[in-house]
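**Q** For reference, the structure I am asking about is given below.
The values are calculated or read from the model by the stated rules, or taken from the named source; none is laboratory data. Keep in mind that what you see is a predicted model, and the values were worked out from it rather than measured. Cβ placement follows ideal geometry from the backbone for every residue including glycine, while neighbour counts extend to all protein chains displayed. Surface accessibility is based on the protein's heavy atoms, side chains included, excluding ligands, DNA and RNA. Shrake-Rupley method; radii C 1.70, N 1.55, O 1.52, S 1.80 Å.
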Amino acid sequence: MRNLYLLVFCLWGFITYAQQPAANPADLTERIRNLEEKLDFALQSQDKSTDDLMWYQRVGDVAFVDKVRYTSKPPHVIRNPTGQGATNPLVIPAYTFTPRKYAADKKLPLIVFVHGGVHSDFNSSYAHIVRELIEQGYIIIAPEYRGSTGYGGSFYKQIDYGDYENDDVLAGKRWAVENLPQVDPDRVGIMGWSHGGMITLMNIFDHADDYKVAYAGVPVSDMIARMGYKSQSYRNEFSAATHIGKDAADNVAEYRRRSPVWNAQKLKTPLLIHTNTNDEDVNVLEVESLINALKANGKKFDYKIYQDAPGGHIFNRIDTRLAKESRQEIYRFLGRQLTPPNAVK
């Protein structure tokens, strides 16, 4: 089906461009680039629609699954502030999962589950972790913050690389507390890996009263250091005029503002951090810097540095024995603060 969709889309594009006046090579290159971009976003949307169905198949037996929408901040860059609806709040999709087993319980704890990947999404590859949380008795909300894939080019390009996404996730937490009657507002935790770990950290640093506990797995921690060891194309994403607007060398203060390591002094929430020495995405030096910053500020927290754990960046999200044991450690830590009805012992 995907290949057929691709063929139809390409034929449509070829016919459309063939009917247009002859163009110089530069214009033709730009047309092809635009077509490729449209095709990519169309395929992302198709994949998202298919994967949404997978959620019901993979966890529908243990959870009531829903997909909701709520509002967050307006776009961070508004090209025409006086245009109609230009400053409207952005609409954010989110998944919710409520345990069937505990449908009769009056109040349950809430986990805000933040996906990683910057430009990625909360897809059914997380189903095994969702099932583990559901079995313990957690309600889950998983926000598809701005920049997530599967919602078209406009939403994809709203990414703010470490700022407004934090607000999208906070808005999701507050929506769940206000709109899901089983949620206990005094038992809310937040968790995420990679970019999701970064959003987790910034949420508890800036909104400590909203969360009782947090887990940050292999979190992006220092935007300045990260710009130093990543590729130029990666740096260009952040410095584009539609995003931060400058590179780290030209706006150190802004990159610091978005970096957990430079906000460590704000920690008030019980926190568990995991990192891995052979992480091929978030270099362990980033997380070690965060750990050292928290210690330097006299903060109490828990952490573990895994030594060359198989799986690298996703070492405790896969299906190995080590991964499952690591997740059990996470669940015990969360459970001490959130007391789900079937807490991991």
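**Q** Using a cut-off of 12 Å between alpha-carbon atoms, which aspartates and glutamates can reach Lys106, once sequence neighbours fewer than 8 places away in the same chain are excluded?
**A** Excluding near neighbours in sequence, the set is Asp184.
**Q** Here's something else I'd like to know. For the pair Ser231/Glu325, report the inter-label distance in nm, with labels modelled 7 Å from Cα in the Cβ direction.
**A** Placing both labels 7 Å beyond Cα along the Cβ direction yields 3.6 nm.
**Q** Something else: Can you pull the one-decimal nm distance between simple spin-label points at Leu39 and Ile305, each 7 Å off the Cα toward Cβ?
**A** The two pseudo-label positions are separated by 4.6 nm.
**Q** FRET efficiency for Arg336 and Leu53, Cβ-Cβ distance as r, R0 = 25 Å, nearest 0.05? Intermediate results must be reported in sequence, preceding the final value.
**A** Working: r = 36 Å, r/R0 = 1.44.
The pair Arg336/Leu53 has a calculated efficiency of 0.10.
**Q** Just from its helices, what would the mean residue ellipticity at 222 nm be for the chain, if runs of 4 or more DSSP H residues each count -39500 (n - 2.57) and the sum is divided by every residue, rounded to the nearest 500 deg cm²/dmol?
**A** Helix-only estimate at 222 nm: -13500 deg cm²/dmol.
**Q** What is the packing order of peptides 113-119, 26-32, 58-64, taking the mean over residues of other C-beta atoms within 10 Å and listing the highest first? Display every interim value, and only then the final one.
**A** Working: 113-119: 22.6, 26-32: 11.7, 58-64: 17.0.
The peptides rank, most packed first, as 113-119, 58-64, 26-32.
**Q** Another question, if that's okay. Calculate, for segment 186-345, the solvent-accessible area per residue in square angstrom, rolling a 1.4 angstrom probe over the heavy atoms of the protein chains.
**A** Working: 6800 Å² over 160 residues.
With all protein chains present, segment 186-345 gives 43 Å² per residue.
**Q** Same structure again: Which value, in debye to the nearest 20, gives the size of the charge dipole of the chain about its Cα centre, when Lys and Arg are +1 and Asp and Glu are -1 at the Cβ? Numbers along the way, then the final one.
**A** Numbers: 41 positive and 41 negative charges, 170 e Å.
Around 820 debye, computed over the chain.
**Q** Please work out the FRET efficiency for the pair Glu135 and Glu30, using the Cβ-Cβ distance as r and a Förster radius of 56 Å; give the result to the nearest 0.05. Mind dumping the intermediate values first?
**A** Working: r = 52 Å, r/R0 = 0.92.
After rounding, the FRET efficiency stands at 0.60.
**Q** Loop-only GluC sites (Glu not before Pro) in segment 238-345, please: DSSP not H, G, I, E or B, and at most 13 other Cβ atoms within 10 Å. It would help to have the intermediate numbers written out before the result.
**A** On the way: sites: Glu254, Glu280, Glu286, Glu288, Glu325, Glu329; in loops: Glu280.
For GluC sites (Glu not before Pro) across segment 238-345 that sit outside H, G, I, E and B with at most 13 neighbouring Cβ atoms in 10 Å, the list reads Glu280.
**Q** Which of Lys73/Lys268; Lys173/Lys295; Lys268/Lys304; Lys73/Lys324 have a Cα-Cα distance over 31 Å? Spell out each step's value before the answer.
**A** On the way: Lys73/Lys268 25 Å; Lys173/Lys295 28 Å; Lys268/Lys304 19 Å; Lys73/Lys324 37 Å.
Where the Cα-Cα span goes over 31 Å, the pairs concerned are Lys73/Lys324.
**Q** Could you list the trypsin sites (Lys or Arg not before Pro) in segment 228-276 that lie in coil according to DSSP, counting only those with at most 15 other Cβ atoms within 10 Å of their Cβ?
**A** Details: sites: Lys230, Arg235, Lys246, Arg256, Arg257, Arg258, Lys266, Lys268; in loops: Lys230, Lys246, Arg258, Lys268.
The qualifying sites are Lys230, Lys246, Lys268.
**Q** Given the options Asp319, Asp51, Asp163, state which has the largest fluctuation in a GNM of the chain using a 10 Å cut-off (strictly under) for Cα springs.
**A** Result for the chain, Cα springs under 10 Å: Asp319 fluctuates most.
**Q** What is the distance in Å between the Cα centroid of segment 183-222 and that of segment 223-302?
**A** Comparing the Cα centres of segment 183-222 and segment 223-302, I get a distance of 15 Å.
**Q** How much length is gained if the chain between Ala253 and Asp186 is pulled fully straight, taking 0.36 nm per residue apart and subtracting their Cα-Cα distance, in nm to one decimal? Kindly include the intermediate steps, with their values, before the conclusion.
**A** On the way: separation 67, 0.36 × 67 = 24.12 nm, distance 3.45 nm.
Here the segment from Ala253 to Asp186 would lengthen by 20.7 nm.
**Q** May I ask you to list the GluC sites (Glu not before Pro) in segment 72-160 that are in a DSSP loop and have at most 16 other Cβ atoms within 10 Å of their Cβ? Present the calculation step by step, with values, prior to reporting the outcome.
**A** Numbers: sites: Glu132, Glu135, Glu144; in loops: Glu144.
Taking segment 72-160 and a limit of 16 other Cβ atoms within 10 Å, no loop GluC sites (Glu not before Pro) are found.
**Q** Same structure, new question: When the expected Rg is taken as 2.2 N^0.38 Å, what fraction or multiple of it is the alpha-carbon Rg of segment 146-227?
**A** Working: Rg = 13.7 Å, N = 82, 2.2 N^0.38 = 11.7 Å.
Working it through for segment 146-227, the quotient is 1.16.
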